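Before any comments, here is the structure.
The values are calculated or read from the model by the stated rules, or taken from the named source; none is laboratory data. These numbers were taken from a predicted model, which means no experiment stands behind them. Every residue, glycine among them, receives a Cβ derived from its backbone with ideal geometry; neighbour counts consider all protein chains shown.
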Amino acid sequence: MAKKHITTTINGDPTEFLCDTEQTLLDVLRDELRLTGSKEGCASGDCGACSVTLDGRLVCACLVLAAEIEGHEVTTIEGMAVGDQLHPLQQKFLDHAALQCGVCTPGFLVAAKALLDRNANPTETEVRYWLAGNLCRCTGYDKIVRAVLDTAAVMRG
Amino acid sequence: MARIVLAGNLRLYTEGVTELELESGSIRSLIRELRRRYPDIPEDIEDELAISIDGVLHQDDWFAKIGPDSEVHLLPRIAGG
Amino acid sequence: MAAAVEKIFDDTVTDRETRDKTLKWVGTRAPRPDGVDKVTGRAKFGADTYLPNMLHGKVLRSPHAHARIRSIDMSKALALPGVKAAVNRDDFPDHPEGAVQPAGEMVIDYRDMTRNIMAREKALYEGHAVAAVAAVNERVARQALSLIEVDYEILPHVIDVEEAMKPGAPLVREDLITEGVEPAPEEPSNIAKRVEFGHGDLDVGFARADVIIERSFKTQPVHQGYIEPHACLASFSEDGQAELWCSTQGHYVARGHCARLLQMDVSKLRVTCSEIGGGFGGKTVVYLEPVALALSRKACQPVKMVMTREEVFRASGPTSGASMDVRIGATKDGRITAGEAILKFQAGAFAGSPVPAAAMCAFAPYDLENVRTIGFDVLSNRPKVAAYRAPGAPLGEYAVESVVDELAKNLAIDPLEFRLKNAAKEGSDSSYGPKFGPIGCVETLETAQKHDHYLSTLKPGQGRGVASGYWFNIGGQTSATLNLCEDGSVALVVGTPDVGGSRASLAMMAAESLGIELDKVRPLIGDTSALGYNMLTGGSRVTFAGGIAVHGAAVDMINQLRERAAATWDVPIDDVEWHGGQAVAVNGYKDQEGPMGMLDIAKDMAKSGGPIVGRCSTNAQGAGPSFGCHIVDVDVDKETGKVSVARYTVIQDAGKAVHPSYVEGQYQGGAVQGIGWALNEEYIYDKNGKVENAGFLDYRVPVCSDVPMIDTVIVEVPNPTHPYGVRGVGETPLVPPLAAISNAVENALDIRFTELPMSPPRVLAAIESAG
């Protein structure tokens, strides 16, 4: 079966690619576009390591078919920093040591940004429930939650 | 003479003896002396052991010194995760 | 020469504050050198590398828990367009029984390992690799697997450890005679080994006891749960040289295993470790790597192999499920007189559970006159167990710390006070034999007693539990190199994969030992060609042994720098010292020459004698054990049986925390893994021995909303064998939680659970039957 030709926008850049019907957005980001910041932890939408936003909505890229994003906008971890300026979340994760092995970190950052884009003043409980779709096995979540709360405070000014 | 204590299954090679005194200068010479006395002990036994000399743990350390008043414990090798 | 180098760790200065005042980097929360790449997604993990002409490899796995493999026909798969190579048992040479070689940390039997990576006579667990293919893309590879014909003769299987020990149980190995029993049994069984430790006289000890408590415990196997599945990329050239990129805790160890399994010279295989997305012991062994190499060797093209999450659960090594019996006696004033434990651990399809370590350290927090532990290593039709953070200790101490808690309650003694009355100290005989050197057991207990968490009032319905924990820690072969760059900056090359911030700690120790700015040290993890041997990252050894190697390399570099300064000034070497990152002339030459810093010496090093490289290769000994004490408060919902952790505090001895944030991170991460193990995680099998919950939805690890903040206290009882006093810390945090949480639940409900996990259905059933 011939591949599908998809035209889309990724991290603000017009992008085209070819894909099989069964390929997920995660497969394409990584294997076709070499945007390997989004990770496969489970391929079933349970771990959040592949978190991206689709038209501003937080999704697991492993649950989106690549062909579905024709004409839509996707942002990934690679679009979070601007030039050499880290997003405040990225900087706070570093400051708070909110990562150990780092494999879940891109997913957490995308998810946390999606939270702060909607709610500039989340409580600890709101942060924890929003991030419940992102698994971390190294940190026990403590420093991640602190980093997000601290970022929210800093961004509120 | 150093006091040598055999933990775990080593006693199966020594007819139940778990404590002995041996003259020895290093881990390597200790193993050699033990094997001389108890030839059933496999040649590569040291690969399966952790050896505590006066409370300090050694693994893969042939030439670690054993003093005349040392207390030495032969334990199974310690792994981690 | 060495005398003119400042001693970093001055153990004559017992006042820690005074000693720490002289430290500039060690003990601070410096920025992490590999951090930016990790928060931007730039860092490359195991599946993030692509090569031109790359093939995708996939493994055909047994659908049966136990089956004889009569034949494997790969001809149709090989005929499929796009398939470039296929392998099965015929492509891996056999190894003799007991071909044991120290590799990594664990004793390895290559006869077993070759069968684990590719089944030979039998498939021994559901998910066992039976064949593998490499094809131009994943879709063709999957299709090829469906064309491989395997003729299985299904056999009865056994999973549970006590079922496996019963006479008449299906035998995983038909010829296995139990080691460690005299006289040796005549009949084969699934019991690979019996071990026994202890000292004193149990009968005398129990006779003196006023109270004796005896309990039996049961646990299910749990997985390390690393978020990154196993992944590798292998590339063989036509001349027999090969490259391997893989997510591993030890690339030198992986190199050794693969070279042996593929019968090639070790030096012909270069292994690069990618960033590793979690290991916890589960990535100290090889699964895909030798298979990818074998496929690549046939195809002469690179082969990438990545496990799916389902494969991780079905085919990689979890830790043991166990049945344990513990009996402890104490006098009415709270002194333990005797302790006994019988531990039966699942090894999985091949021998080698961590029961010996569990048996050695189950009673380690206590100074006991009479103690005995017996361990059984038992085969069953499950993946071979792999290490999981202090392997064996969480189970052994779960059982012992639960009974200790019951004794304390029975005698109406505060649980921390009870532990203090019996605590192991410097000079006590450990439960496994040797006398302890300086240790922090008492310090962690006393800190717990005074901690706000322990002194705070519980809310109605809540329960509080405490438990102690212990791990030996190890040292091992480690190499480090410091290369002086022509501008005075330094490249630090180490050989231990970084699981949680060790590049930061090692760079900090290098900067401290050299006396230079931290940002002038760039740490890198070299591939296997870059350095002498490095044992893997595990056993809580990297900051300890890596620190010794890095400090040794710094001392070596300093001596060379002094030589160059001395030669440049024409001053005797003994009159040149190194202070504050500079060579200074002393004695009669003071004020006549210098000082010379790193840049001054580096810019002329070509002319003054050539490159300056500090090296240290060592086999670090004398690792200091780490004791911990956890305090946990729980709420129990009596309508659903759900146990929630309301408050958690980890108190643990680090010797010296080089980077406190990463030490805290180890404490917090281990505690939360323990929460998962205690409350939810378990493998669920159907009647055919197949895993029913091979995914993160139903294998329920803690999520962010399950846990509160995890408070930590770093206790520091320095380890005299390390230049900065470091003790390993990574493993001990997983040891106390199981009992601490179980003790808290008992405190809340007055129900003692002796089975894990304490999941809602089990808790609810217990509440209902308690009336």
Query raised in the report: Considering only region A:125-140, how many residues are more than 8 Å from chain C (Cβ to nearest Cβ) and touching a helix residue (DSSP H, G or I) at 6+ places or on another chain (Cβ under 7 Å)?
Result: 1
Query raised in the report: Just checking, which of A:21, A:15, A:9, A:36 is in a loop (DSSP other than H, G, I, E, B), of a type outside the set (Asp, Glu), in contact with a strand residue (DSSP E or B) (Cβ under 7 Å, 6 or more places away or on another chain) and over 16 Å from residue A:131 (Cα atoms)?
Result: A:21
Requested in this report: Determine whether residue C:584 is in the same structural domain as residue C:530 (by TED's automatic domain parsing), more than 44 Å from the chain's Cα centre (by Cα) and either in contact (Cβ under 8 Å) with a residue 12 or more places away in the chain or not in a loop (DSSP other than H, G, I, E, B) (or both).
Outcome: no
Report summary line: Result of the Cβ filter at 9 Å on region C:69-94, keeping first residues that are more than 19 Å from residue C:120 (Cβ to Cβ) and partners that are of a type in the set (Asp, Glu), at least 6 apart or interchain, is C:75/C:149; C:76/C:149; C:77/C:149
Query - Total residues in region A:133-157, condition modelled with pLDDT of 95 or more and part of a helix (DSSP H, G or I) - result: 15
Report task. State yes or no: is residue A:68 away from every other protein chain (no Cβ under 11 Å), closer than 30 Å to residue C:698 by Cβ and acidic (Asp, Glu)? Result -> yes
Query raised in the report: When you go through C:641, C:655 one by one, which is the residue that is crowded, with 24+ Cβ neighbours inside 10 Å and in a loop (DSSP other than H, G, I, E, B)?
Result: C:655
Query raised in the report: Quick one: how many residues across region C:452-504 are under 26 Å from residue B:61 (Cβ atoms) and assigned to a strand (DSSP E or B)?
Result: 12
Requested in this report: Find the residue count for region A:93-120, including only residues that are at the interface with chain C (Cβ under 7 Å from one of its Cβ atoms), crowded, with 24+ Cβ neighbours inside 10 Å and among the hydrophobic types (A, V, I, L, M, F, W, C).
Outcome: 7
Report task. List every residue pair whose Cβ atoms sit under 9 Å apart, with the two residues 6 or more apart in sequence or on different chains, where the first one lies in region C:392-412 and is assigned to a loop (DSSP other than H, G, I, E, B) and the second, anywhere, is β-branched (Val, Ile, Thr) and surrounded by fewer than 21 Cβ atoms within 10 Å (Cβ to Cβ). Result -> C:411/C:211; C:411/C:331
Requested in this report: Determine if region C:38-45 includes at least one residue that is at pLDDT 95 or above, under 30 Å from residue C:515 (Cβ atoms) and not hydroxyl-bearing (Ser, Thr, Tyr).
Outcome: yes
Query raised in the report: Filtering region C:135-193 down to residues that are basic (Lys, Arg) and touching a residue at least 24 places away in the same chain (Cβ under 8 Å), which residue is surrounded by the fewest Cβ atoms within 10 Å (Cβ to Cβ)?
Result: C:142
Report summary line: Note on residue A:39: of the conditions (1) at the interface with chain C (Cβ under 9 Å from one of its Cβ atoms); (2) surrounded by fewer than 18 Cβ atoms within 10 Å (Cβ to Cβ), unmet is (2)
Query raised in the report: Do the conditions hold for residue C:463, that is, is it over 27 Å from the mean Cα position of the chain (by Cα), buried (at least 19 other Cβ atoms within 10 Å of the Cβ) and either touching a residue at least 12 places away in the same chain (Cβ under 8 Å) or outside the structural domain of residue C:369 (by TED's automatic domain parsing) (or both)?
Result: yes
**Report entry** Enumerated strands (runs of 3 or more DSSP E) restricted to region B:27-81, each holding at least 3 residues that are without any contact (Cβ under 8 Å) to a residue 24 or more places away in the chain and within 10 Å of chain C (Cβ to nearest Cβ)
**Finding:** none
Requested in this report: Mind telling me which of the residues C:93, C:81 ends up being over 22 Å from residue C:56 (Cβ atoms) and either crowded, with 19+ Cβ neighbours inside 10 Å or not polar (S, T, N, Q) (or both)?
Outcome: C:93
Report task. Identify all residues within region C:708-729 that are at the interface with chain A (Cβ under 8 Å from one of its Cβ atoms) and surrounded by 23 or more Cβ atoms within 10 Å (Cβ to Cβ); write none if there are none. Result -> C:710
